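So the structure is just underneath, and the comments pick up after that.
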Amino acid sequence: MIKIGDNIILEHKYSDSFEQYKCKLVERKGNDLYIDYPVNLKTNRTVFLLEGTPLKANFVTESGSHYSFTTEVKGRIKLNIPMVILSYPGKDHLIKIQRRQYVRVETSVDVAVHSAKGEFAPFTTVTDDISAGGAALLIDKKSNLKQNMEVECWFVLPMQNGEYEYRKFLGKVVRIIEGQTHMNKASVQFFDSSGTDRQMLLRFCFERQLEMKKKGLPV
């Protein structure tokens with residue numbers, strides 16, 4: 001299920017808060033996972049985890065399915081690079097996360113929308129909110145975008161490290177929400193995206209959520 005090269009988001013819970021770290025699976029031996037040193041999503045600094053530290057791990061498969069499992073730090077080792085060893089409970093103990101459980105954040109992200117079947121002219125807009133499972137797009141009331149249309153969405157994701165990620169997601173318009181102003185909202189559900197793209201979007205949502213918490217904004 002989990003493979004070499006997969007990105008992993010680790011959650012370390014405290015009594016009243018938690019931190020999230022990003023890392024990559026470098027090697028696997030039986031039920032031991034060897035990851036590169038995790039980086040704190042909030043500070044972008046390397047984290048040194050003590051042996052026995054309990055964690056929750058999240059990863060996305062190539063098919064776009066999102067799974068989580070409980071783990072703990074078993075130790076550290078240096079081979080080609082310094083690595084942390086995590087326990088792996090096996091695929092029978094993985095928890096599949098449904099799309100509705102993805103972190104959804106209210107944020108404006110630039111997006112170019114194309115029709116998968118040539119049903120409307122391409123246009124650019126921004127999101128009202130976004131998650132690893134879908135997004136709400138602001139559209140003009142006169143837009144030709146309709147329910148059940150398949151779309152290609154090209155997102156520009158401003159990451160915490162100052163870089164921009166350009167990612168394409170295929171999706172379906174599940175509903176059009178009438179707005180009180182001159183704009184409506186199109187709710188798009190993603191499908192058929194690579195695990196890497198979905199993991200990047202998941203990371204973006206985590207980073208944006210942490211940034212909002214830091215500023216004291218509701219999430």
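The values are calculated or read from the model by the stated rules, or taken from the named source; none is laboratory data. None of these values were measured; they are calculated from a predicted model. Please note: Cβ atoms are built from the backbone with ideal geometry, for glycine as well, and neighbour counts cover all protein chains shown. The protein model used for the area step is the full one, side chains on, heavy atoms only, and it has no ligands, DNA or RNA in it. Shrake-Rupley method; radii C 1.70, N 1.55, O 1.52, S 1.80 Å.
Give, rounded to the nearest 20 debye, the magnitude of the charge dipole that the chain has about its Cα centre when Lys and Arg contribute +1 at Cβ and Asp and Glu contribute -1 at Cβ.
240
Apply the Kirkwood formula to the chain: the hydrodynamic radius equals the inverse of the mean of 1/r over all pairs of different alpha-carbon atoms; give it in Å with one decimal.
Kirkwood radius, the chain: 18.6 Å.
Cross-link partners among lysines for Lys185, C-alpha distance below 16 Å, same-chain residues fewer than 8 apart left out?
By straight Cα distance, Lys185 reaches Lys141, Lys142, Lys146, Lys172.
How large is the Kirkwood hydrodynamic radius of the range 24-74, counting all unique pairs of alpha carbons, in Å? Show your work: numbers first, answer last.
Working: mean 1/r = 0.0804 Å⁻¹.
Across the range 24-74, the inverse of the average 1/r is 12.4 Å.
Considering only Ser108, Ser187, Ser131, give the residue with the highest GNM mean-square fluctuation for the chain, with springs between Cα atoms whenever their separation is below 10 Å.
Ser108
Using a Gaussian network model on the chain with a 10 Å cutoff between Cα atoms, which of Leu79, Leu138, Leu157 fluctuates the most?
In the Gaussian network model the winner is Leu79.
Hey, what's the range 29-110 come to in accessible area per residue, 1.4 Å probe, Å²?
With the other protein chains kept in place, the range 29-110 gives 59 Å² per residue.
Just the Cα atoms of the range 1-121: what Rg and Dmax do they give in Å?
17.0, 56
What does the extension gain come out to for Ser115 and Asn44, with contour length at 0.36 nm per residue minus their alpha carbon separation?
On the way: separation 71, 0.36 × 71 = 25.56 nm, distance 3.68 nm.
So the chain would gain 21.9 nm between Ser115 and Asn44.
Are any of the pairs Lys56/Lys168; Lys168/Lys214; Lys24/Lys56; Lys3/Lys168 more than 18 Å apart by Cα-Cα distance, and if so, which? Don't jump to the answer; show the numbers that get you there.
Values: Lys56/Lys168 28 Å; Lys168/Lys214 29 Å; Lys24/Lys56 15 Å; Lys3/Lys168 23 Å.
Beyond 18 Å between Cα atoms: Lys56/Lys168; Lys168/Lys214; Lys3/Lys168.
Which percent of the accessible heavy-atom area of the range 1-81 goes to carbon and sulfur, probe 1.4 angstrom?
46
Simple spin-label model, 7 Å along Cα-to-Cβ: Lys213 to Ile81 in nm?
The modelled label-to-label distance comes out at 2.6 nm.
For the range 56-108, place one equal point scatterer on every Cα, skip the solvent, and apply the Debye formula. What is log10 of I(q)/I(0) at q = 0.14, 0.23, 0.24, 0.28 Å⁻¹?
Debye curve over Cα of the range 56-108, log10 I(q)/I(0) at q = 0.14, 0.23, 0.24, 0.28 Å⁻¹: -0.54, -0.94, -0.97, -1.09.
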